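K.L.:
Okay, handing you the structure first.
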Amino acid sequence: MNAAAFRPGASTLPSSTVEISLRCENLMDTDILSKSDPFCVVYYKGSAGQSEFLEIGRTECIDDNLNPVWQKKIILDYNFEERQALKLCVFDSDSNGASLEDHDFLGSVECNLGEIVSMQSKGFSRTLNNGKGATIHITAEELSSNKEVLTLKFSGKEMDKMDWFGKSDPFMEISRSTESNQYILVHRTEVIKNTLNPDWKSFQISIRSLSNGDDDRDLRFDVYDWNRSGSHEIIGEFHTSVRRLRKGPNNDNTYDVTNKEKQKKKGNKYNNSGSVTLDSIKVEIVPSFLDYIKGGTQVNFTLAVDFTGSNGNPNQPSSLHY
């Protein structure tokens, strides 16, 4: 080792970008005629002179569900040598207002980001304070730097009829496997009402979110029948990978939707509960701001101030230019 090349204190702080996924179980039901509509607010407090928690993100609100699995992720930089405190508060949405005073409190928990990251293989779980036994589950995974974005479109055919007075109201959830052999939700499609042949809208999702840059990582697609009560019924599931999806629309990307319970009951008489087909895929690379700079992009900024006489003396408080 060249002693002259070593400079004490010149090393960079070890850090990684991590993605936080959240879900809860057995939340309180604070609504009279339906179930709670929960969302989670995440607060952060670093060790560098920060005395109060600051809000860094909110999940989406899930209607009528006491066991929500939130799709929206929280992205944080994990610094190994720094104490990074998190506070997670769960609320029942009662209005469209942004103020938390307009919503019912369902419980909270405080922990450190280091605790969550260290429990990657098992998953981090805590009982919510003042949550009457409700539990929050937190999964953290280090993110890759992949810049690809996929535009995907799927459709279904001959789904099982799940409703008594109609057909089915299908929607699809996509989950990716993690290093701890769990599945975390990465995308939820819209609901298509009263049809056995849903044609879902195309959507964009980054490779980083979908598979964390690993084309061979297992992806699970769950197809549900939507119910107003929030207790959605599983139609079936199938598995695939980004590598397979990249092949585009072909027979290899038409999947049998399998309901394991029906398969057990019917045995060899069971074929499937419908099929899902990849209709289109588009792959784009979204450059970062630094990529534009490296490519020679120049940013010019021009500022002009109109000192019109009718606006008054700029030295006077009454002037528009004071």
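K.L.:
Counting only C-alpha contacts under 8 Å and six or more residues apart, can you give the relative contact order of the range 78-222 as a whole percent?
P.N.:
With pairs under 8 Å counted, the relative contact order is 20 percent.
K.L.:
Principal axes first, then extents: for the Cα atoms of the chain, list largest minus smallest coordinate on each axis, whole Å, largest first.
P.N.:
Principal-axis extents of the chain (Cα, largest first): 84, 59, 52 Å.
K.L.:
Here's something else I'd like to know. How far apart, in nanometres, would the label points at Gln204 and Glu25 be if each is projected 7 angstrom from Cα along the Cα-to-Cβ direction?
P.N.:
A separation of 3.7 nm, rounded to one decimal place.
K.L.:
Quickly work out the Phe289-to-Leu303 label distance, labels modelled 7 Å from Cα along the C-beta direction, and quote it in nm with one decimal.
P.N.:
Once both label points are built, they end up 1.8 nm from each other.
K.L.:
GNM, the chain, Cα, under 10 Å: largest mean-square fluctuation among Ser273, Ser211, Ser47?
P.N.:
Ser47
K.L.:
From the phi angles alone, apply the Karplus equation (6.51, -1.76, 1.60; θ = phi - 60°) to the range 290-301 and give each ³J(HN,Hα) in whole Hz, x where the residue is Gly or Pro.
P.N.:
Residue by residue, the range 290-301 yields 5, 5, 5, 5, 4, x, x, 5, 10, 10, 10, 10 Hz.
K.L.:
Now for a different question. Let me check against my output: what whole-number percent is the relative contact order of the chain, with C-alpha pairs under 8 Å and at least 6 apart?
P.N.:
The value is 14 percent.
K.L.:
Which value, in debye to the nearest 20, describes the size of the charge dipole of the range 166-223 about its Cα centre when Lys and Arg Cβ atoms bear +1, Asp and Glu Cβ atoms bear -1, and nothing else is charged?
P.N.:
My answer is approximately 240 debye.
K.L.:
How high is the relative contact order of the range 9-93, given as a whole-number percent (alpha carbon pairs under 8 Å, six or more residues apart)?
P.N.:
43 percent
K.L.:
As a test question: what accessible area, to the nearest 10 Å², does Asp199 have when a 1.4 Å probe is rolled over all protein chains in place?
P.N.:
90 Å²
K.L.:
Once every Cα of the range 256-318 carries one equal point scatterer and solvent is ignored, give the base-10 log of I(q)/I(0) from the Debye formula at q = 0.16 Å⁻¹, two decimals.
P.N.:
Once normalised to I(0) and log-transformed, intensities are -0.80.
K.L.:
Follow-up question, since we're still on this one. The range 93-179: Rg/Rh from Cα coordinates, Kirkwood Rh?
P.N.:
Taking Rh as the inverse mean 1/r over Cα pairs, Rg/Rh reads 1.09.
K.L.:
Moving on to the next point. Could you give the semi-axes, largest first, of the ellipsoid that matches the range 163-322, computed as the square roots of 5 times the alpha carbon gyration tensor eigenvalues and rounded to whole Å?
P.N.:
Each semi-axis is the square root of five times an eigenvalue, giving 51, 24, 14 Å.
K.L.:
Let me ask something else. Compare Asn130, Asn272, Asn67 in a GNM of the chain, Cα atoms joined below 10 Å, and give the one with the largest fluctuation.
P.N.:
Largest GNM mean-square fluctuation: Asn130.
K.L.:
Also, quick follow-up: Cut-off under 13 Å on the C-alpha distance; same-chain residues fewer than 8 positions from Lys132 excluded. Which aspartates and glutamates are left, in chain and number order?
P.N.:
Glu25, Asp29
K.L.:
To continue, here is another question. Using a cut-off of 13 Å between beta-carbons, work out the net charge of the residues near Gly49 (Lys and Arg +1, Asp and Glu -1, Gly49 not included).
P.N.:
That works out to 0.
K.L.:
Along the Cα→Cβ direction, 7 angstrom out, place labels at Ser51 and Asn130. What is the inter-label distance in nm?
P.N.:
Each label point is offset 7 Å from its Cα along the Cβ direction, giving 2.3 nm.
K.L.:
Filter the cross-link list Lys122/Lys161; Lys153/Lys294; Lys153/Lys269; Lys72/Lys147 down to pairs whose alpha-carbon distance in this structure exceeds 29 Å.
P.N.:
The pairs that break the limit, which is 29 Å between Cα atoms, are Lys122/Lys161; Lys153/Lys294; Lys153/Lys269.
K.L.:
In a GNM of the chain with a 10 Å cut-off on Cα contacts, which of Ile32, Ile174, Ile74 has the highest mean-square fluctuation?
P.N.:
Sorting by GNM fluctuation, first place goes to Ile32.
K.L.:
Send over a whole-number figure in Å² for the accessible area per residue of the chain, probe 1.4 Å.
P.N.:
58 Å²
K.L.:
Full extension from Arg220 to Leu33: what is 0.36 nm times the residue separation minus their Cα-Cα distance, to one decimal in nm?
P.N.:
64.0 nm
K.L.:
Given a 1.4 Å probe and every protein chain left where it sits, what share in percent of the accessible area of the chain is carbon and sulfur?
P.N.:
Reported share for carbon and sulfur atoms: 48 percent.
K.L.:
Continuing with the same structure: Which aspartates and glutamates does Lys282 reach when only Cα atoms under 14 Å apart count, and residues fewer than 8 places away in its own chain are ignored?
P.N.:
Glu148
K.L.:
If you consider only alpha-carbon coordinates, what radius of gyration and Dmax does the range 164-251 have, in Å?
P.N.:
In order Rg, Dmax, the Cα atoms of the range 164-251 give 14.2, 44 Å.
The values are calculated or read from the model by the stated rules, or taken from the named source; none is laboratory data. This structure is a prediction, so every number in the text was calculated from the model and none was measured. Positions of Cβ are backbone-derived with ideal geometry, glycine not excepted, and every protein chain shown enters the neighbour counts. Surface accessibility is based on the protein's heavy atoms, side chains included, excluding ligands, DNA and RNA. Shrake-Rupley method; radii C 1.70, N 1.55, O 1.52, S 1.80 Å.
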